[in-house]
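Note sheet for the following structure.
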Amino acid sequence: MLDHLTPFLLHWTITALSLWVASHIFRGIRFDDVSSLVVSALLLGFANAIVKPLLIVLTLPLTFLTLGLFLLVINALMILLVARLVRGFSVSSFWTAFFASIFISLLSFAMGAFATAGHPAQSIQVPSHGIWL
């Protein structure tokens, strides 16, 4: 069980740090206190894990037409959703959420790559024998 807890806590911390940095860079993002930041990071992780895949499937034709650029809109919608659900977290406009989501994604990716440096990614082991269908 603890094997799964450490990556979860690391991802949660990286998301919270990315949101905190974004709130200092973008004037339209504001947290009232640390608890709203922590809850927002947790809820953003859950929204990205549960709601985002559903939106991606529902908007697949539009995503194909825009060559995947509509995924940036979905990321912004996830931030706006979390801002509506968490008291103490506010985002001033869609465009603030749009550009902040790009920034948060890039910063989270960079911090995640730095935090997991030296730890090989878990890979799927392909069996060397058997019947493949």
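The values are calculated or read from the model by the stated rules, or taken from the named source; none is laboratory data. As the structure is a prediction and not an experimental result, all values here were calculated from the model. The protein model used for the area step is the full one, side chains on, heavy atoms only, and it has no ligands, DNA or RNA in it. Shrake-Rupley method; radii C 1.70, N 1.55, O 1.52, S 1.80 Å.
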Notebook entry, point to check: Leaving out ligands, DNA and RNA, what percent of the accessible area of the chain is carbon and sulfur, probe 1.4 Å?
Noted result: 73
Checklist line | Rg ratio (alpha-carbon, reference 2.2 N^0.38 Å) - segment 1-53 | finding: 1.22
Next item on the list: Take the Cα pairs of the chain, get the Kirkwood Rh, then feed it into Stokes-Einstein at 25 °C and 0.890 mPa s and tell me D in µm²/s.
Entry: 150
Item checked: CD proxy at 222 nm, helix term only [per DSSP H run n ≥ 4: -39500 (n - 2.57); per residue of the chain; nearest 500] -> -24000 deg cm²/dmol
Notebook entry, point to check: From the backbone phi of segment 33-41, what are the Karplus-calculated ³J(HN,Hα) couplings (6.51 cos²θ - 1.76 cosθ + 1.60, θ = phi - 60°) in whole Hz, Gly and Pro given as x?
Noted result: 7, 5, 5, 5, 5, 5, 5, 5, 5
Next item on the list: On a 0 to 90° scale, report how tilted helix 94-115 is relative to the longest principal axis of the chain, with both axes built from alpha carbons and the result rounded to the nearest 10.
Entry: 50
Checklist line | Cα-Cα separations in segment 44-116 greater than 19 Å, expressed as whole percent | finding: 40
